[in-house]
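Worksheet: the structure to be examined is printed underneath.
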Amino acid sequence: MALLALIGAWLIRRIKRHASSEEECFLVALLLGIGAYWLPSVVFLILPAWAYLFYKNIFSLRSFLASLIGFATVAIWLAVLSQLSIINYQLSIAHNVRAWIPTGAVLLAWLGTTIVRQTLRVR
């Protein structure tokens, strides 16, 4: 699950300055939606991604809608598979809270190295 969040952060980070970000926003939301199967609160990781896009001035309504479509895709598939009794899914935000320890550690380490690299690049 930490790997899905890290791949999502990497996808957002590699968007060029004057490029469109719709495809990457869709993929990140899709990855976070898949990760939300095991840890539902991972959905809130999209907020820092949106903040980063807003900071880089590449956030748009189309990016916002693409990320919502990515989450909706996973939700629809989850509902269909649950309805067909292929999987048994019950939504619980507090489910598997301990999974945040490695996920948070990996994301904080990535964020720290990114900040240090950019600070050293400026000097």
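The values are calculated or read from the model by the stated rules, or taken from the named source; none is laboratory data. What you see is a predicted model; the values in this text were computed from it and never measured. Virtual Cβ from ideal backbone geometry, glycine too; neighbours counted across all protein chains shown.
Does L32 count as within 25 Å of W100 (Cβ to Cβ) and surrounded by fewer than 17 Cβ atoms within 10 Å (Cβ to Cβ)? So L32 does not fit the description; no. Of all residues in region 42-68, those satisfying the criterion of being over 11 Å from the mean Cα position of the chain (by Cα) and in a helix (DSSP H, G or I) are A51, Y52, L53, F54, Y55, L61, R62, S63, F64, L65, A66, L68. The single condition among (1) closer than 22 Å to I76 by Cβ; (2) surrounded by fewer than 16 Cβ atoms within 10 Å (Cβ to Cβ) that E24 does not satisfy is (2).
Within region 7-34, being under 22 Å from A109 (Cβ atoms) and modelled with pLDDT under 85 holds for I7, G8, A9, W10, L11, I12, R13, R14, I15.
Do we find a residue being within 19 Å of I7 (Cβ to Cβ), among the aliphatic types (A, V, I, L, M), surrounded by fewer than 17 Cβ atoms within 10 Å (Cβ to Cβ) and at pLDDT below 90 anywhere in region 45-65? The answer is yes, given that some residue of region 45-65 is within 19 Å of I7 (Cβ to Cβ), among the aliphatic types (A, V, I, L, M), surrounded by fewer than 17 Cβ atoms within 10 Å (Cβ to Cβ) and at pLDDT below 90.
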